[in-house]
Amino acid sequence: MTEPNIKAVRLDERLIHGQGRLWISNLGVNLVIVANDEVATSHIQQQLMSSLMPESVGIRFFSLEETANKIFKASPRQTIFIIVKTAQDVLTLAEKGVPIKELNVGNIHMKEGKTRLTNFISVDASDLEALKTLHIKYHVNLNTRTTPLGNDVGSDFDLNDYVTKH
């Protein structure tokens, strides 16, 4: 089984949007996988996200199960960017064997019961537990860059240290 050529995995509750397109351009990928059970069955959401994609980049909308089942079938020439909506979604992919070396935690909205870590990342107990498991059990490096360049406010927050201590 050949290791898939995953260039990046990003957690962003907004999935694909203007900033997400910046990631796609900077990574130089030719395939984006939106791994989310809800979006995998929503043609309206798929059409909206597809309209933001450059024509040179393929996009697939897979459930978490389908992502895990198909990721190792990717051609070595496919350079892949996986986008997920929740920390639990990323953990599910890792548990199902998707090789995730690094996770960019880009946007988890502030809601009641969540603790604000940066301007763009707020976590509750469930988020924290999923991120902690990813980091400790699956050895996933966590980063908080909001852009691929990473020189913005909050991009220097040490999420690895935070999840280890909490």
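We did not get these values from a lab; they are worked out from the coordinates using the rules stated. From a predicted model like this one, the values you see are computed outputs, not experimental measurements. Every residue, glycine as well, gets a Cβ built from its backbone with ideal geometry; the counts of neighbours run over all protein chains shown.
Things worth noting here:
- Residue separation of residue 5 and residue 77 scaled by 0.36 nm, minus their Cα-Cα distance, works out to 25.2 nm of gained length.
- Judged by the mean number of other Cβ atoms found within 10 Å, the most tightly packed of the peptides 47-54, 116-123, 88-95 leads the ranking 88-95, 116-123, 47-54.
- Debye-sum result for the stretch 1-72 in log10 I(q)/I(0), which assumes one identical scatterer on each alpha carbon, at q = 0.13, 0.19, 0.25, 0.26 Å⁻¹: -0.36, -0.79, -1.35, -1.43
- Pairwise FRET efficiency - residue 101 versus residue 52, Cβ, R0 = 25 Å, nearest 0.05: 0.45
- Computed from Cα positions, the angle between helix 18-27 and the longest principal axis of the chain comes to roughly 70 degrees.
- Our summary gives the chain a relative contact order of 27 percent, counting only alpha carbon pairs under 8 angstrom and 6 or more residues apart.
- Over the chain: Rg over Rh, Cα atoms, Kirkwood Rh: 0.94
- 0 to 90° range, to nearest 10: angle between helix 125-136 axis and the chain longest Cα axis: 70
- The peptide list 107-114, 7-14, put in order of mean Cβ contacts within 10 Å with the highest first, becomes 7-14, 107-114.
- Per-residue 3J(HN,Hα) values for the stretch 83-92, derived from phi via the Karplus relation 6.51 cos²θ - 1.76 cosθ + 1.60 with θ = phi - 60°, read 10, 10, 9, 9, 5, 5, 4, 5, 4, 4 Hz in sequence order (x marks Gly and Pro).
- Between residue 164 and residue 69, the C-beta separation translates, for a Förster distance of 22 Å, into a calculated FRET efficiency of about 0.10.
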